[in-house]
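Please treat every number below as a calculation from the coordinates, not as lab data. From a predicted model like this one, the values you see are computed outputs, not experimental measurements. No Cβ is skipped: glycine too gets one built from the backbone with ideal geometry, and neighbour counts run over all protein chains shown.
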Amino acid sequence: MDLLNYVNGEFVKHSNEKWMDVLEPATGKKFARVPLSSAEDVDLAVSAARMAQNEWGMLSHKIRAEWLDKIADALEEKYEDIAILESRDTGKPISLARSVDAYRSVTNFRFFAELIRNQEEEEFLMDDATNIVIQKPVGVGALITPWNLPLYLLSWKVAPAIGMGNTVVCKPSELTPMTANLLMETIDEVGLPSGVVNLIHGNGIGAGAPLTSHSDVNLISFTGGTDTGAKVAAVAAPQFKKISLELGGKNSSIIFDDCDLGKTVAGVTRAAFLNQGQVCLCGSRILVQSGIYDDFLEKFIESVKGMKIGDPSDEETELGALISPEHLSKVESYIQLAEEEGGKIITGGRPSLPKQFENGNWLSPTVIIGLKHDSRCSTEEIFGPVVTIHSFETENEVIEIANGTRYGLAGSVWTRDLDKGNRVARDIHTGMIWVNTWLHRDLRVPFGGVKDSGVGREGGRWSLGFFSEAMNICLKHD
Ligand code: NAD
């Protein structure tokens, strides 16, 4: 299957003959080709978005919310197709693709439809005047997404962006383009006005960079690695584009002596290895209070060894393949580094799987102990099924360890004492902390990181704020 760009309501071939093979991470087999589009293709898409923006931006919130609902309804009919495609394209287990990727992609459109439908203009009264705050569209948005949660993250941006009256050009990861294509088919089927949503396939240099630097793009919502985010920010800043950066993370799971050990082991295992550890929020540094360190370690290893790795299409599978051979090599290089840094690898290695998976990108869940908490392996983002475990004595000590990375995205605290959980959470420098749970998402709350994990917040009304320009109209009374 050769994918096409989607520009001005039509599926179109890109302007050159450059393609990239789309490979199944589980088998290494090619199953599609993605265009490697160029600046010329980006220009056409941005022009289409610009042409459509005025009319689309003038529609009421109510009408745009109805369009979001139509897209949600049409996507819901393809629930199983989304799950199958996402599992095949990313190597993740089908059960996860269903419960997380397909579910959230539909829910994102419905959630923002409801939020936007109920948006009201704010008023601030003075003795002699009334201030009205209106939210206007920003203009043309560039929406750039990574490979780990392809449609989940794209829909998280498209829905609030167009809901607030912007038109957009999407640039999904070249490694996982299949469900972005499905979304364009869906948008086409429901008959969304041409040019409101456009999509350009391609890599960062060929398509992403010309899109972010395009003078007619007013806003960039970028999710991806911290180094790429820095490049995007450098291009956007001198042009004063509105920018949101959702970047990498190295998140701590902080486990106190007084936790419910059974629930903590289950929760921390999930936080460590969901999507093969390829979620920006994954808890890859496990910090355990010394009183239960041995007990936790024993039960955690038992839990990790019990995880079923293999065929992503098998309903029972808990761990699938990593995204690419290059990423597998990067993750394995960190395991080698851990050994050089004095760590002890307790579980891991290449799993033994049926012949059909011999060319896939497989790695068993890897647990490393004995490293210093400020070693490279325990402070740098690995983004794979690899965790390091460390022990601590006091609250102050664990706060210092948890804050000892360049990242500040998320984390979790495990304790029966909710006051302590709340107190410790407040001292951790991240955008999000869960206490006695992980990735328990309420779509109304802010999402984003501090330090090198990003700039700005999306989610709920924070998304509506980012994807609009607030304007104050002050009416002086007679
Ligand atoms: P990446 O930075 O390599 O690529 C992300 C996207 O940016 C892709 O579409 C890519 O083609 C594009 N891109 C690359 N170079 C570009 C450039 N110069 N200009 C514009 N676009 C460019 O990231 P990845 O490997 O796809 O994803 C993994 C990273 O994403 C991890 O670091 C992970 O933590 C992060 N992530 C963060 C969040 C979050 O919400 N904070 C969510 C998911 C993933």
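Rounded to the nearest 20 debye, the dipole size of the stretch 202-302 about its Cα centre is 580 debye, using +1 on the Cβ of Lys and Arg and -1 on the Cβ of Asp and Glu.
Under the shape rule built on the C-alpha gyration tensor, where the axes satisfy a ≥ b ≥ c, the chain is oblate, since a/c reaches at least 1.5 while a/b does not exceed b/c.
Using only side-chain charges placed at the Cβ, +1 for Lys and Arg and -1 for Asp and Glu, the dipole size of the stretch 252-442 relative to its Cα centre rounds to 280 debye.
Given +1 at the Cβ of Lys and Arg, -1 at the Cβ of Asp and Glu and no other charges, the dipole of the chain around its Cα centre is 440 debye to the nearest 20.
Fewest to most neighbouring Cβ within 10 Å: what's the order for TRP414, TRP462?
Numbers: TRP414 30, TRP462 18.
In increasing order of surrounding Cβ atoms, one gets TRP462, TRP414.
If R0 is taken as 45 Å, the Cβ-Cβ distance between HIS477 and ARG423 corresponds to a FRET efficiency of 0.40.
The stretch 20-56 and the stretch 320-345 have Cα centres spaced 31 Å apart. Relative to the longest principal axis of the Cα atoms of the chain, helix 79-90 runs at roughly 60 degrees.
Please name whichever of LEU125, GLY57, VAL106 sits farthest to the positive end of the charge dipole of the stretch 1-129, dipole taken about the Cα centre and charges placed at Cβ: Lys and Arg +1, Asp and Glu -1. Sorting the options by dipole projection puts first VAL106. Close amide H partners of VAL22, meaning residues 5 or more places away or on another chain with modelled amide H under 5 Å apart, are PHE31, ALA32, ARG33, VAL34. Of the residues MET307, PHE240, GLY165, the one whose Cα sits farthest toward the positive end of the charge dipole of the chain, with +1 on the Cβ of Lys and Arg and -1 on the Cβ of Asp and Glu, is PHE240. Residues LYS78, LYS157, arranged from fewest to most other Cβ atoms within 10 angstrom of their Cβ, appear as LYS78, LYS157. Considering only THR437, VAL331, ALA321, the residue lying farthest towards the positive end of the dipole of the chain is VAL331, judged by Cα position with unit charges set on Cβ.
A cut-off of 5 Å between modelled amide H atoms, ignoring neighbours fewer than 5 places along the same chain, links GLY408 with LYS250, VAL450, ASP452, SER453.
Neighbour counts of C-beta atoms inside 10 Å place TYR103, TYR6 in the sequence TYR103, TYR6, starting with the fewest. Rounded to the nearest 10 degrees, the angle from helix 293-305 to the longest Cα principal axis of the chain is 70 degrees.
Ellipticity at 222 nm from helices only: DSSP H runs of n ≥ 4 in the chain, each -39500 (n - 2.57), divided by the residue count, give -11500 deg cm²/dmol. Backbone phi angles across the stretch 363-372, fed through the Karplus curve with coefficients 6.51, -1.76 and 1.60 (θ = phi - 60°), yield HN-Hα couplings of 8, 6, x, 10, 10, 10, 10, x, 8, 5 Hz in residue order; Gly and Pro are listed as x. Rounded to the nearest 10 degrees, the angle from helix 418-427 to the longest Cα principal axis of the chain is 70 degrees.
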